[in-house]
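Input: a single structure, listed below in structure tokens.
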Amino acid sequence: MNRIALHAAALALVLGFASAAQAASDDTTLVYQGANGRFTVDIRPGEVRIDDASDQWQLYEQNEATIFSVNPADRTYTRLDKSVAGNIRSRVDSLRAQVENKVQQLPENQRATARAALIQSMPALDSSEHKVGLDRTGQTDTVAGVNCSVVQVVRDGKPAESLCVASAEDLDISEKSFDSVQAMFTLMQTMLAGTGFEAAGLPYLSLSGMPLRFTDTNTGEKRQLTRISHDTIPESHFTIPDSYIETSITIDGG
């Protein structure tokens, strides 16, 4: 083999390894363990699948801007997109009006207590504004061999969840895959606005990474990463079977 051919072969080999490394990082599986069991997040460009300890799983499809909730037990799924979220907000507004009308029929000295009890049982009734912020403590830790930064979530001025957050780079998640994760968080934030649940979740868009450890400050419940994999995930894992039937999301007004 002449020198030019040798250099070309070497270059092809290097580029081949680089392409393989990029492809491996495009597929990422994060496995968490908590008191309620295992929690798995599978990521690849354009798609995110989340499995928790329940029988159902969630699928985000970026090209459809949709989150599907899949129930294998009865072979059904529901879809949540901006259109469906708009219908939910309208239903929530109507439900709030109905409940407030009932509350106003109570003696004045009982209304505040009744309203608080109803909001406690059905957070969607809460139309008040809540502030959710982050306290970046400057502390660091290591979870499953990955460095992470300790962040305290602050809700209405009070400490809530404690997180240890790692960058996509430290987790070897490709830029395209992490863009899909961020797009999913953006969609969730947009769809939850006005439903009463927008302040209940974590401020994922402000984290600039993925939580490796989650600790509920009030209950002490903890969930943390136990394993990272970049093995290729089969297409079927992100596919809802054709035999499954789509059902509608409903809100019970009680």
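When the P(r) of the range 46-165 is calculated, the portion above 22 Å amounts to 65% of the C-alpha pairs. Would you please give the FRET efficiency between ARG155 and ARG75, computed as 1/(1 + (r/R0)^6) with r the Cβ-Cβ distance and R0 = 35 Å, to the nearest 0.05? Computed FRET efficiency for ARG155 and ARG75 comes out at 0.35.
In this rough spin-label picture, where each label sits 7 Å from Cα along the Cβ direction, the GLU175-GLN120 distance is 5.0 nm. The Kirkwood hydrodynamic radius of the range 212-253, based on inverse pair distances between different Cα atoms, is 15.2 Å. For LYS176, the lysines whose Cα falls under 26 Å of its own Cα, not counting residues fewer than eight places away in the same chain, are LYS82.
For ASN87 and ASN147, a Förster radius of 45 Å and the Cβ-Cβ distance give a FRET efficiency of 0.55, rounded to the nearest 0.05.
All of the numbers you see were taken from the coordinates with simple rules; none came from a lab. Keep in mind that what you see is a predicted model, and the values were worked out from it rather than measured. Neighbour counts run over all protein chains shown; Cβ positions are idealised from the backbone, glycine included.
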